[in-house]
1. So which residues in the range 67-87 are surrounded by 15 or more Cβ atoms within 10 Å (Cβ to Cβ) and assigned to a loop (DSSP other than H, G, I, E, B)?
2. Is at least one residue of the range 13-27 among the aliphatic types (A, V, I, L, M), surrounded by 11 or more Cβ atoms within 10 Å (Cβ to Cβ) and at pLDDT 95 or above?
3. Give just the number: which of (1) at pLDDT 90 or above; (2) within 27 Å of Gln105 (Cβ to Cβ) does Val54 not satisfy?
4. Name the residue that is surrounded by the fewest Cβ atoms within 10 Å (Cβ to Cβ), counting only residues in the range 41-62 that are under 16 Å from Cys21 (Cα atoms) and in contact (Cβ under 8 Å) with a residue 12 or more places away in the chain.
5. Looking at the structure I just gave you, is Ala92 of a type in the set (A, V, I, L, M, F, W, C), at pLDDT below 95 and over 15 Å from the mean Cα position of the chain (by Cα)?
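The values are calculated or read from the model by the stated rules, or taken from the named source; none is laboratory data. No experiment lies behind these values; they were computed from the predicted model shown. Neighbour counts run over all protein chains shown; Cβ positions are idealised from the backbone, glycine included.
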Amino acid sequence: MFLALWQCDTTEVIICFPQECHTKATVKDLTGLDGCGLVFELEDGTILEPERRVYVQPPKPEEDPLYYFELVAGQKVVIGYETSNAGSICMAGDVVFVTCIKSVQTGGSQ
């Protein structure tokens with residue numbers, strides 16, 4: 001465990017997750033499928049199910065950015081994530097823990 005912490009950024013808080021958002025995605029509503037909800041659809045059609053963790057106390061934003069982010073169907077975002085071992089009833093795609101998320105402004109008509 002010490003070796004794992006050694007590799008983290010420890011300037012203020014221990015940050016072990018990549019904080020960069022590079023993966024473009026669209027929030028998609030799959031509530032019609034058993035056990036599904038809002039998911040991320042990547043540009044190549046891959047579906048990612050966000051892991052929703054339950055906390056006794058709210059986490060800090062850098063510990064779980066999705067906890068503080070309201071997802072809306074059709075929303076364009078960029079995310080950073082890592083694969084998760086969490087189970088899912090939905091089974092529409094891989095379960096991931098979101099390490100970074102930002103809204104993307106879509107260009108409107110002029």
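1. Phe69, Leu71, Gln75, Ser84
2. Yes, that holds for at least one residue.
3. Answer for Val54: the failing condition is (2).
4. From the range 41-62, those under 16 Å from Cys21 (Cα atoms) are 41-43, 48, 50, 61-62; that's our starting set.
Checking which are in contact (Cβ under 8 Å) with a residue 12 or more places away in the chain leaves us with 41-43, 48, 50, 62.
Values: Glu41: 17, Leu42: 14, Glu43: 9, Leu48: 22, Pro50: 23, Glu62: 14.
Within the range 41-62, the match that is surrounded by the fewest Cβ atoms within 10 Å (Cβ to Cβ) is Glu43.
5. Working: of a type in the set (A, V, I, L, M, F, W, C): yes; at pLDDT below 95: yes; over 15 Å from the mean Cα position of the chain (by Cα): yes.
So Ala92 fits the description; yes.
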